[in-house]
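Below is one structure, written out as structure tokens; the observations come after it.
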């Protein structure tokens, strides 16, 4: 009988739904149907020679759960399969994924070009902490291709962006930005948190790496923290080296939770997207709403590009209420069904005031440049009935004006 070195050969060519349920699992001799949780810090070796071979990398196998754990490995293999990547590395959080990527691939004196329209903490990481170690950063308008091109320097190593952006749903042209990056021997890194591979696969559009906050939609129920970096094996080996040394690792239990979340990923993302589109259209016609930010609306400047890059528009929208901070807080405080929390990607809808929470650490100038105004509200639409969400928002919107 021919020997098969690829345990997942039977999944080659499988569709996303099948990969989300089956990819990455290697059953033990117990023959378990579900994925086991390997809650162990270390592993016992058969001999000193085997231990030496494992530690040196000459022999594959588990060494220490900081960087080798079967449950975490199953999650890594599954998210890599979903993104169409060679490999993935799991991390303790989405921010740990971004930090690990930068620490693994950048040196003092290197330069990053980053979109202004990223999660506020990402901006702080780049602008405050990485710059302390000699990494330069320039921020540009996400949708201005000329600005990206003009910001590149001889020492530029990474172009970093989110699309759709948080919280204004701006859409970047991934294919065009990949071409710009590669023309200058730089790497394009895309945070795919809002879409997940169920709606968008940046690597197929030319990106070099994908970042995930698994805390969000990959889990889907707001249970655990985690992150992932996905891309070519050569880059992932560098990221894994940082994880092995510095330890921002994903726990086996969290990896197991994320595996369960991935099984329903496409179904949930389609439901989130359908409800968000209906809610966005309702808000767009509300007399006490100035503007709605959601790429699913036909008048959104990125609508046509989003249709080409994505299979749906995602579950996150933002809107500006008429007035200022007082009116925005009134709408938020009046909600009884929608949870006031900064997380997103949950089965439960969430609402937040970005200017004082997720982007609260930005300077007034940074907020202005990123479009974060005092009357802006972000809603991550969950899986409740849309009619109930409309009624919940109307409690506050009806008090505005």
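The values are calculated or read from the model by the stated rules, or taken from the named source; none is laboratory data. Only a predicted model underlies this, so the values are computations on that prediction, with no experimental measurement involved. Cβ placement follows ideal geometry from the backbone for every residue including glycine, while neighbour counts extend to all protein chains displayed.
Residues that are closer than 14 Å to residue 189 by Cα: list the strands (runs of 3 or more DSSP E) wholly contained in the range 108-167 that include at least 3 such residues. Lay out the reasoning, then the answer.
Numbers: elements: 111-115, 136-140, 156-162.
Result: 111-115, 156-162.
Would you confirm, using the coordinates I've provided, whether residue 331 is in contact with a strand residue (DSSP E or B) (Cβ under 6 Å, 6 or more places away or on another chain) and either under 25 Å from residue 125 (Cβ atoms) or not assigned by TED's automatic domain parsing to the domain that holds residue 388 (or both)?
Numbers: in contact with a strand residue (DSSP E or B) (Cβ under 6 Å, 6 or more places away or on another chain): yes; either under 25 Å from residue 125 (Cβ atoms) or not assigned by TED's automatic domain parsing to the domain that holds residue 388 (or both): no.
Answer is no for this residue.
Which numbered condition in (1) touching a helix residue (DSSP H, G or I) at 6+ places or on another chain (Cβ under 9 Å); (2) surrounded by 14 or more Cβ atoms within 10 Å (Cβ to Cβ) is the only one that residue 34 fails?
Just one mismatch for residue 34, condition (2).
Could you say whether any residue in the range 84-103 is surrounded by 20 or more Cβ atoms within 10 Å (Cβ to Cβ) and over 20 Å from the mean Cα position of the chain (by Cα)?
no
Within the group 172, 176, which residue is without any contact (Cβ under 8 Å) to a residue 40 or more places away in the chain and more than 19 Å from residue 362 (Cβ to Cβ)?
Details: 172 fails: without any contact (Cβ under 8 Å) to a residue 40 or more places away in the chain.
Just one listed residue meets the conditions, 176.
Can you tell me which residue among 58, 30, 35 is in the same structural domain as residue 104 (by TED's automatic domain parsing), part of a loop (DSSP other than H, G, I, E, B) and within 19 Å of residue 260 (Cα to Cα)?
Values: 58 fails: within 19 Å of residue 260 (Cα to Cα); 30 fails: within 19 Å of residue 260 (Cα to Cα).
Within the list 58, 30, 35, the selection yields 35.
How about the range 182-202: which of its residues are crowded, with 24+ Cβ neighbours inside 10 Å, at negative phi and not in a loop (DSSP other than H, G, I, E, B)?
188, 189, 190, 191, 197, 198, 199, 202, listed by residue number.
Could you check residue 172 against (1) in contact with a strand residue (DSSP E or B) (Cβ under 7 Å, 6 or more places away or on another chain); (2) outside any loop (DSSP other than H, G, I, E, B) and say which number it fails?
(2)
Against the definition (more than 16 Å from the chain's Cα centre (by Cα), outside any helix (DSSP H, G or I) and either touching a residue at least 60 places away in the same chain (Cβ under 8 Å) or not assigned by TED's automatic domain parsing to the domain that holds residue 182 (or both)), how does residue 275 come out, yes or no? Working first, answer last.
Details: more than 16 Å from the chain's Cα centre (by Cα): yes; outside any helix (DSSP H, G or I): no; either touching a residue at least 60 places away in the same chain (Cβ under 8 Å) or not assigned by TED's automatic domain parsing to the domain that holds residue 182 (or both): yes.
When the stated conditions are applied, residue 275 does not pass them.
Which one is surrounded by the most Cβ atoms within 10 Å (Cβ to Cβ) among residues in the range 287-298 that are within 17 Å of residue 332 (Cβ to Cβ) and in contact with a helix residue (DSSP H, G or I) (Cβ under 6 Å, 6 or more places away or on another chain)?
Among those that are within 17 Å of residue 332 (Cβ to Cβ) and in contact with a helix residue (DSSP H, G or I) (Cβ under 6 Å, 6 or more places away or on another chain), it is 292.
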